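Written below as structure tokens is the structure these notes are about.
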Amino acid sequence: MSGDLKKSAVNHQLAARLRREVQGEVLFDLPTRGRYSTDASIYQVMPVGVVVPKTDLDARIAIDIARDLKIPILPRGAGTSQCGQTVGEALVI
């Protein structure tokens, strides 16, 4: 399996598991990912997906699932960084 196909399959598995196990929002659509691909800096990096946890447990579950699948995570607050710290090819929580 090529690198892109393998990455796509893992991302699909990530989205499916998150939707099953997390109560909060699980967003993998292109417009949402596009919104989270920038902050107040000049950088633009498309994330794998976005989880908006409803509870602390949601955040822990999302982190555990990402770790199991070897997907990096990126904690995000208001997205006001001016140096690109809140963007990356990762699961944004």
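Stretched out straight at 0.36 nm per residue, the stretch from ALA78 to SER8 would grow longer than its current Cα-Cα span by 22.4 nm.
Note on ILE42 and ASP64: the model spin-label points, each 7 Å out from Cα along the C-beta direction, lie 4.3 nm apart.
Around GLY24, which amide H atoms from residues at least 5 apart in sequence, or from another chain, sit under 5 Å from its own amide H, with H modelled in the peptide plane? Result for GLY24 returns LYS54, THR55.
Amide H contacts under 5 Å for ILE73: LEU91, restricted to partners 5 or more places along the chain or on a different chain, H placed in the peptide plane at 1.01 Å from N. Within the chain, the ratio Rg/Rh, alpha carbon atoms throughout and Rh by Kirkwood, equals 0.96. Backbone geometry of the range 41-55 corresponds, through the Karplus equation with coefficients 6.51, -1.76 and 1.60 at θ = phi - 60°, to 3J(HN,Hα) couplings of 9, 8, 7, 9, 9, 6, x, 5, x, 9, 10, 10, x, 8, 9 Hz, x marking Gly and Pro.
Where a number appears in this text, it was derived from the coordinates with a stated rule and is not lab data. These numbers come from a predicted model, not from an experiment. Backbone-built Cβ (ideal geometry, glycine too); neighbour counts: all protein chains shown.
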